[in-house]
Each structure stands twice: as structure tokens, then as C-alpha cells.
Amino acid sequence: MVKKSQEYIVKIDTLNHQAQGIARIDGFVVFVDNVLIDEVAKIKIEEVKKEYAKANLVEILEKSPYRKDPECPYYDFCGGCHLMHAKYQHQLSLKKLLVEDAFKRIGKLSPKINDVIGTENPFRYRNKTALPVGGDYKKPQIGFYKKMTHDIVDINYCLIQHEFCDNVIKGMKDLIQKHKIEVYDEKKHKGVLRHIVVRNSFAFDEMMIILVCTKVPENLEAIKNDILDKFPKIKSLYVNLNPKRTNVILGEEDILIWGSSTIKDKIGNLTFEISPKSFFQVNSMQTEVLYRQVVKYLMNVEAEIVFDIYSGIGTISMFVAPFCKKVYAIELVRDAVEDAKKSSKNNGISNIEFICGRAEIEIPKLLKSGVIPQAVILDPPRTGCEKQLLESLVEHKIPNIIYVSCNPSTLARDSSILFSNGYEILEVQPVDMFPQTFHVECVVLMTNVKKQISA
Ligand SMILES: C[S@@+](CC[C@H](N)C(=O)[O-])C[C@H]1O[C@@H](n2cnc3c(N)ncnc32)[C@H](O)[C@@H]1O
């Protein structure tokens, strides 16, 4: 019987989908952070549940050859990164294992999975961050949440963010003190400043700051002037109003306080406009690698009409537009659709039709009206695709599906649905968009076997 607060010596069998080590004590599963496969560790049990326990690492007794010292001083507490204790090449091998495991465990599938495409820049790659603000105006804390909690790890810098973000962390602490900005207290649901969202463009050296507040802060004019003084690269300053008791970071209303309503960034040769609520891949450099993979799969299948479903600001649509006759791009967020329209005009692309709406409603409508694509690109949020959408693709026997996913679990679930409805998975290509974390992006090429046989 595993006991709370007791120390044990264990061997790590494998890692789970969140890169936590799995060990067994008399067959009972124990999860522990910051370990690697085959390591022997002394652990202390922190929590015992019915089917598993959680433990803290006390000491590594037998080290993996793939272990390294994490570069970040906050790594042991901060919940932002999970694999910084593994050499980068090993992070890539582990991510491949996580993808294989998800397909096997959730999808009951064993497709061909390629090695993960890594990056030459495993640090300082992120173009966006949302920093929770805590403490009080005398001693503000800005950072990330501790693992599995909402306690803030107060930091001065983050090694996976752009350097601009470090300046904002330091500079905003000064401004909170100077202007006595009331910091939001999540438990009491009181205070004003909740989060600071920073978006920065690597290509254009510019940044957007969004102050997420319960109400417009007092002294806003003076705060604005100090922000403009402190951060000369700023291009756009917003206050976003979020008065609700919620974990969702951004509220509904964005108030442009200064500058341009969007910032611009580049992927390859294409330039994109980005509004506060628009999705944009967080690793601009590696996104080009990801999208080239999508184009490569599309070239394999030769499609005239393509649907880009969950299209965000139209980045994939614009990448594939030169290789087909017409693209239909479907996206829920109106600002993102407006950004996409502007960018396609600026990039001189005219063969994309942008549709704002829910994919699971708009796609069945389009298909029923007789617009039938030869290829569909799916790039859903972490929750994966709505069943209704997959059913309509199956019903119309869409010949080719290219599925881009940032969540191997929902990818495996949806692949399994498509597989049992006649789709074969030809290849899975993982791409590392999120070094130092357990997250991994995949591009999957699927073809409708039934359609090919009957054609
Ligand atoms: C992972 S992002 C992909 C965006 C884009 N393909 C890219 O690479 O930047 C998913 C997008 O789906 C949108 N979305 C979420 N639910 C949706 C739905 N039910 N219908 C259409 N779009 C949706 C989100 O707003 C977001 O822009």
C-alpha cells in the first residue's frame, strides 16, 4: 500500500502524454515530474488517489545519459516547460513516443510515424505569451502558474519567449508599483489587472501588449505614456475587459488604447495581420516547416478545390492557394476572418473564399450545395473536430484529408473515427513547434480507400 509522505526508490518505466514519469510500486501507478525513462529515483508520495499516486522527485540515483541540467532557474517550479531536463534530440525521440502511444492507446492504430522534425532554435522561439499578474501593487508578481496550480511563479525572464517579453515582465512590475495598479485577486474576484498578453513579431521587430483588466484602470493615460516610453518596439496597445469569474484569459471587449489594431508577422514570404483574438501559431519559424509539410501532402494528392477548415487568419489557405484552383477557408472568430481577408489582399492572393462560422455547420452546408473538394485540411483546436463535421466528410467521401493537430490524443480519437469509416492513414509527420514542453504538432495524410476502390 502506497502511503502519503513516504519515500520510495523506483525505476521509471515510461512517460505519459504530459511527460510525467510513470513508475510502479507493487503494481500501483505513481506519476513523477522531471524524470526520464529508465532512471532510478528516490521519490516522496505527495497525493494518493484510488488508481494512482503523485510523487515529488527527491533525488536521481541513476541518471539517464539523455539528462542535462535545465537552463532555466525557474524550471523546477514553473508549469510552462516540462522537458528542459532532457537533451534536445532526446526531447524529439520522446515526442515521437508520445504520438505513437496516443495512436495505439486511444486510436487503436499503428500508422507510419516519421521522426519528429526539430528546430535549430529550441529557445526564445515563442511569439506570444499570457502572463498572469498576482501579489499586490507594492510587490507585484508576474510569471507563469506553478505546475497544476494557480500560484504564480514570479519570474524576471523566460527562456522560450522573445526577449521583448522579458522587458515587459520587468517594466510592467515597475509600472504597477508606480501607478498603484490594483492587481486582480482570483480567489476574492477583486482587483483590476489580471493578465498581460504580449505578442511580438520576429519578422518586423514589433509588439502588441494587451492589459487584461476587470475594468478600465485608473490613470490609463499616464500608464499608456509610460508604456510607450518603456517599450519603444510597441506597435499596438489594448485594454481587454474581462470582468467575469473565469479561467478564460481574454474577455469579449478589446479597447484599442494606442497604435495599430493589428501587428504583422511573416511565415515564409507571406505577411499576416494579427488581431488580439486571432489565432497565430506561436513558433513563427517552425510554422513554415509545418506548412511546407501540408503543401507536400497536398502536392501528393493533386487537388483543385481545397477546404481549409479551422483556418484562423488564413495562413494555411494562403500557403496552399498557389497549388490549387480555389480554397474555401472556414473560421469561427470574426476578427481572424477580417485579418485573413486583409492579408490575402496584401499578399496578392485572390482564389480564397473566406467563410465565418462554425465548421460543423458551414461544411455540411457547403457539401450539400455541391461544392466538393478533393482535399480537406483540418486544423482544429486542442479539443479536436466535432463529430458532426467528420460525419459530413465521411458521408461525402472526401478523397483526401490532411489533419494538422496540436493534440495527439484528439488526433488519435478523430483518426480512429475516420479509419473506421474507410480512411487509411498514409503518414504521420510530427513537427516540434514547442521545444522544452511536452507539446507536439502533427500533420497526417489520410486517404479514403472506399472512394478509390469504387472510382
Ligand atoms: C489550431 S487553430 C488553427 C488556425 C490556423 N489553421 C493556423 O494554422 O494558424 C484553430 C482555429 O479554429 C478556430 N475554431 C475553433 N472552433 C471552431 C469551429 N467550431 N469552427 C470553425 N473554427 C473554429 C479557432 O478560432 C482557431 O482559429
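Just so you know, the averaged projected area of the alpha carbon convex hull for the stretch 94-175 sits at 7.5 nm². Using the alpha-carbon centroid of each, what span in Å lies between the stretch 386-418 and the stretch 110-132? Cα centroid to Cα centroid, the span is 23 Å. For the chain, the C-alpha radius of gyration sits at 1.04 times the compact-globule guess of 2.2 N^0.38 Å, with N the residue count. Once each part is reduced to its C-alpha centroid, what is the distance from the stretch 279-321 to the stretch 88-106 in angstrom? Here the answer is 23 Å between Cα centres. In order along the stretch 12-21, the Karplus-derived 3J(HN,Hα) couplings, from 6.51 cos²θ - 1.76 cosθ + 1.60 at θ = phi - 60°, round to 7, 6, 7, 10, 8, 5, 10, 6, 7, x Hz, and Gly and Pro are given as x. Surface calculation, 1.4 Å probe, protein heavy atoms: residue 126 sits at approximately 60 Å² accessible.
Compute the signed sum of charges (Lys and Arg +1, Asp and Glu -1) over the other residues within less than 14 Å, Cβ to Cβ, of residue 247. Every neighbour counted, the sum reads +3. Expressed per residue, the C-alpha convex hull volume of the stretch 308-444 stands at 114 Å³. Taking every DSSP bridge with both residues inside the stretch 128-267, close to 75 percent are antiparallel.
With viscosity set to 0.692 mPa s and temperature to 37 °C, compute the Stokes-Einstein D of the stretch 1-67, Rh being the Kirkwood radius across alpha carbon pairs; µm²/s, no decimals.
285 µm²/s
So which trypsin sites (Lys or Arg not before Pro) in the stretch 364-432 end up in coil per DSSP with only 11 or fewer other C-beta atoms within 10 Å? Of the trypsin sites (Lys or Arg not before Pro), the ones in loops of the stretch 364-432 whose Cβ has at most 11 other Cβ atoms within 10 Å are 382.
For the stretch 136-144, the Karplus equation 6.51 cos²θ - 1.76 cosθ + 1.60, evaluated at θ = phi - 60°, returns couplings of 9, 5, 6, 9, x, 10, 9, x, 10 Hz by residue, with Gly and Pro reported as x. When the solvent-accessible area of the stretch 1-67 is split by element, carbon and sulfur atoms take up 45 percent of it, the probe being 1.4 Å.
P(r) tail for the stretch 200-312, what percent of Cα pairs lie past 25 Å? Here the tail beyond 25 Å accounts for 38 percent of pairs. Over the Cα atoms of the stretch 1-144, the radius of gyration divided by the Kirkwood radius equals 1.01; this is the Rg/Rh ratio. Close amide H contacts of residue 240 (hydrogens built in the peptide plane, cut-off under 5 Å, sequence separation of 5 or more or a different chain): 211, 212, 213, 255.
Pop out the Kirkwood hydrodynamic radius of the stretch 216-272 from its pairwise C-alpha distances, inverse of mean 1/r, in Å to one decimal.
Details: mean 1/r = 0.0745 Å⁻¹.
So the Kirkwood estimate lands at 13.4 Å.
3J(HN,Hα) couplings calculated from phi for the stretch 183-188 with the Karplus curve 6.51 cos²θ - 1.76 cosθ + 1.60 (θ = phi - 60°) are, in sequence order, 8, 6, 10, 4, 5, 8 Hz; Gly and Pro show x. Of all DSSP-defined beta bridges confined to the chain, some 65% are antiparallel rather than parallel. The calculated pair-distance distribution of the stretch 128-267 uses every alpha carbon pair, bins of 10 angstrom beginning at 0, and gives 12, 46, 35, 6, 0 percent.
The values are calculated or read from the model by the stated rules, or taken from the named source; none is laboratory data. Since this is a predicted model, take the numbers as computed values, not measurements. Glycine also receives a Cβ, built like all others from the backbone with ideal geometry; neighbour counts cover every protein chain displayed. Areas reflect the complete protein model, heavy atoms only, side chains present, ligands, DNA and RNA absent. Shrake-Rupley method; radii C 1.70, N 1.55, O 1.52, S 1.80 Å.
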